[in-house]
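Quick notes on the structure that follows.
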Amino acid sequence: MYSDEEAAALYDVLNAWGASDDFYLALVMDAKSVLDVGCGTGAILHRARPAGHAGRLCGLDPDPAMLGMARRRSDIEWVEGTAASMAFDGEFDLAIMTGHAFQVLVGDDEVRASLTAIRQALVDGGRFAFETRNPLARAWESWNPGNAMDVVDPSGRPVRIWHEVESVVGDVVTFTETTSDPDGAALRVDRASLRFLDVDTLAGFLADAGFEIEAQYGGWFRESLDPASPEIITVARV
Ligand SMILES: C[S@@+](CC[C@H](N)C(=O)[O-])C[C@H]1O[C@@H](n2cnc3c(N)ncnc32)[C@H](O)[C@@H]1O
């Protein structure tokens, strides 16, 4: 067995700070008030405060174990909930959704309700920055046991992690993530679905929710977006 709390602590080992976090941290430091939707363990806001951000920082996530990690810092506001359930009203200059969190929004209704709540949370002219994997790059094709990772978790326990795709139906990829002992004996299996929206469909959802796309990039160094780009990184404005 491997508990939700152990899995949440392992998340930061598997997702070490990188170029995507630098991209978002720069936006956060430039904004007076920031809402991190699907903040997970809170890594970006955790850096923003000691880096000198003196304004409102708020992270929201529905997963109590992930939020438990985030709550290690008490000088940031943490809220348990989903994007669609938020009731903020014109309170933030910037909302972010990082670590491909936007892709957990699978159904059209959930995407619409989440974008509406994010728009409602922002001031007029506020910005929403997030990324979603480019479906044309077909990242899920490398999610297989041949790409298993061996890591040591924060308690010093060696574990192996691998992914297996169960189905690709339209733009929704359903897969499992297995956490095992180094010999492959499974400790836990998590199942998830992610939506791979294409550029045009994404633009339609954003426009319907009252956003205008200010910039779109294909990589974390603001590379232009082209068909082979791994990411669709969007900065949208209310
Ligand atoms: C891949 S993690 C990304 C976490 C963090 N943003 C990061 O960059 O590391 C996706 C997060 O989205 C959260 N999540 C799942 N459903 C959500 C929803 N409907 N609204 C907001 N967040 C959600 C999960 O609990 C999880 O913490």
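Derivation of every value follows stated rules applied to the coordinates shown; laboratory data play no part. Treat the numbers as computed from the prediction; the structure is a model and nothing was measured. Methodologically, a virtual Cβ is constructed for each residue, glycine included, from the backbone with ideal geometry; neighbour enumeration extends over all protein chains shown.
The C-alpha atoms of the chain occupy a region whose extents along the principal axes are 54, 41, 32 Å, arranged from largest to smallest. Sequentially through segment 123-128, phi angles give Karplus couplings (6.51, -1.76, 1.60; θ = phi - 60°) of 6, 4, x, x, 10, 10 Hz, Gly and Pro residues having no value and appearing as x. In terms of its C-alpha gyration tensor, segment 67-139 has an oblate overall shape, because the principal axis ratio a/c (a ≥ b ≥ c, square roots of the eigenvalues) is not below 1.5 and a/b does not outweigh b/c. Cα centroid separation, segment 1-67 to segment 181-233: 18 Å. The ellipsoid equivalent to the alpha-carbon distribution of segment 152-192 has semi-axes of 26, 9, 7 angstrom, derived from the gyration tensor eigenvalues as √(5λ) and listed largest first. The Rg/Rh ratio of segment 37-99, with Rg taken over Cα atoms and Rh as the Kirkwood radius over Cα pairs, comes to 0.93. Across segment 146-238, the mean sequence separation of Cα contacts (distance under 8 Å, 6 or more residues apart), normalised by length, yields a relative contact order of 16 percent.
Between the amide H of V79 and those of G59, L60, D61, distances stay under 5 Å, these residues lying 5 or more places away or on another chain, with hydrogens modeled in the peptide plane. About its Cα centre, the dipole of segment 59-107 is roughly 240 debye, where the only charges are +1 on Lys and Arg Cβ and -1 on Asp and Glu Cβ.
Looking at segment 128-231, the chymotrypsin sites (Phe, Trp or Tyr not before Pro) that sit in a DSSP loop and have at most 11 other Cβ atoms within 10 Å of their own Cβ are F221.
For the chain, adding -39500 (n - 2.57) for each run of n ≥ 4 DSSP H residues and dividing by the number of residues yields -7000 deg cm²/dmol at 222 nm. Of S155, S20, S142, the residue with the greatest mean-square motion in the GNM of the chain, using alpha carbon springs below 10 Å, is S155.
Looking at the chain, the DSSP beta bridges with both ends there are about 65 percent antiparallel. 3J(HN,Hα) along segment 198-208, derived from phi through the Karplus expression 6.51 cos²θ - 1.76 cosθ + 1.60 where θ = phi - 60°, amounts to 7, 4, 5, 5, 4, 4, x, 4, 5, 4, 4 Hz, with x in place of Gly and Pro.
List the chymotrypsin sites (Phe, Trp or Tyr not before Pro) within segment 1-94 that DSSP assigns to loop and that have no more than 14 neighbouring Cβ atoms inside 10 Å. When the chymotrypsin sites (Phe, Trp or Tyr not before Pro) of segment 1-94 are filtered for loop state and at most 14 Cβ neighbours within 10 Å, W17 remain.
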